1. Whether any residue in the stretch 131-139 is of a type in the set (Gly, Ala, Ser) and touching an Asp or Glu at 6+ places or on another chain (Cβ under 9 Å) is what I want to check.
2. Any idea which of 344, 384 is surrounded by 19 or more Cβ atoms within 10 Å (Cβ to Cβ), touching a strand residue (DSSP E or B) at 6+ places or on another chain (Cβ under 6 Å) and either not assigned by TED's automatic domain parsing to the domain that holds residue 166 or not aliphatic (A, V, I, L, M) (or both)?
3. From the list 239, 252, 248, 257, exactly one residue is surrounded by fewer than 16 Cβ atoms within 10 Å (Cβ to Cβ), among the small types (Gly, Ala, Ser) and touching a residue at least 60 places away in the same chain (Cβ under 8 Å). Which is it?
4. Residues of the stretch 335-353 being assigned to a loop (DSSP other than H, G, I, E, B) and in contact with an Asp or Glu (Cβ under 6 Å, 6 or more places away or on another chain), which ones?
5. Would you be able to tell me the number of residues in the stretch 396-411 that are in contact with a Ser or Thr (Cβ under 9 Å, 6 or more places away or on another chain) and outside any loop (DSSP other than H, G, I, E, B)?
6. Can you report the number of residues in the stretch 181-201 which are surrounded by fewer than 23 Cβ atoms within 10 Å (Cβ to Cβ) and either polar (S, T, N, Q) or part of a helix (DSSP H, G or I) (or both)?
Amino acid sequence: MIRHHHERDDVVVSGIGAISAAGSGVAVNWERVCSGVPTSAVDPRMPDLPAPLSCRVPDFDPVAVLGAPEVRRTDRTTQLAVVAAREAVADAGLDPAAWDGARVGIVMGTSSGGATSYEAEYFRYAEDGPEWISPLFGITAPMGLLAGYLSIVLGAYGPNMVVTTACAAGPTAIGTGRQLLRSGLCDVVLAGGSEAPLTKMSLGSLYQMGAMSTRLHDPAGASRPFDADRDGMVPAEGAAVLVLERAADCRARGARARALVAGYGASADGYHLSAPDPDGTGIERAVTMALDDADLRPSDIGHVNAHGSSTPLNDLTEGRTISRIYGTPVVTSTKGVVGHALGAAGALEAVYSVLALEEGLVPPTANLERLDPELDIDVVTGEARKVPLDAVMTHSFGFGGQNAVVAFARP
């Protein structure tokens, strides 16, 4: 039974938008994720890398979305975010031409920001000299311009910020947006994440770290969370945005509340810059915080959308921690289908968690053929599973020991 201590502070999700390697739009994303068909492939733009695997957004034409002049002024990270934000606003039944923009805030998460712009201008500088650097570089590459551009496009003039808690950035943005609403500073907040990290420097660095899969003989099977034969992540791009409102405001305008943002928790491992604390104590602190915030028991969580990055250490630590905290929730990692979109991953997974809660349907973990024998968790495989759900939790963890989790419940 979901219990609310202060119902006047309840914040709900009234709109969702997504674009990923599964495609553009929530409907196509959900269909692909529930099918369990992976998107990982050899990246033709990275022929000189030793492990050129990625999950790219298919058939994305930024000129069709923004027009040629605006494409020159924006990084791909921003372009993807515009697609997701516009869909989320429309899904919420909101009209930027009619809303009070001063009461609309934006909180976006990202890990690498304008990586595509940084790399392009670096090589231009190295090959042609400083006089050839684009004068637009200062507005395409900086992370803060991601939220700034959305404010221009959508007429959102309230608090505007980017959070950069590595791969935990999506839930961090949602938790921050919820606080903006509870504080009274905003009436609507667009919260989410966007990432376009598929550059030679980024992928090359991940390979050198040993974080990337090298499963070149089976590219589609490279991202395999919790599988005994996992050997690393597959980098991805994408964006997702959730429209957050106070529950009372959503009801007053006759809109649909898709989910209650019931609880939020965040912590730092304080252990290592790239490896998780093997005891999972940081994860447990974040989860406990979210449960307390939501006034939920661990057994109330019927489904966990796991971080499940397909890396050996993360999956082992997370899986053991899930067993210790919750007991036997139904677990999935959608990264088996769409890869690891870094700072956008948690935002995408928040969207998938809302849909799982709405439909009572948990997507399968793609490529999971043999569960790591050191784990004892109920991971969905093969096909999506119907499960009655009242509350779900989504996990996101990042380099630097960043942990952020969000509990969603039926409104």
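The values are calculated or read from the model by the stated rules, or taken from the named source; none is laboratory data. The model shown is predicted, which means the values in this text are computed figures rather than measured ones. Note: ideal-geometry Cβ built from the backbone for every residue, glycine included; neighbour counts use all protein chains shown.
1. First, the residues of the stretch 131-139 that are of a type in the set (Gly, Ala, Ser): 134, 138.
After this cut, where a residue has to be touching an Asp or Glu at 6+ places or on another chain (Cβ under 9 Å) as well, the list is 134.
Yes, there is a match, as at least one residue in the stretch 131-139 is of a type in the set (Gly, Ala, Ser) and touching an Asp or Glu at 6+ places or on another chain (Cβ under 9 Å).
2. 344
3. Answer to the selection: 248.
4. Taking the stretch 335-353 as the starting set, the residues that turn out to be assigned to a loop (DSSP other than H, G, I, E, B) are 339, 341.
Across the stretch 335-353, the qualifying residue is only 341.
5. Of the residues in that region, 10 qualify.
6. 5
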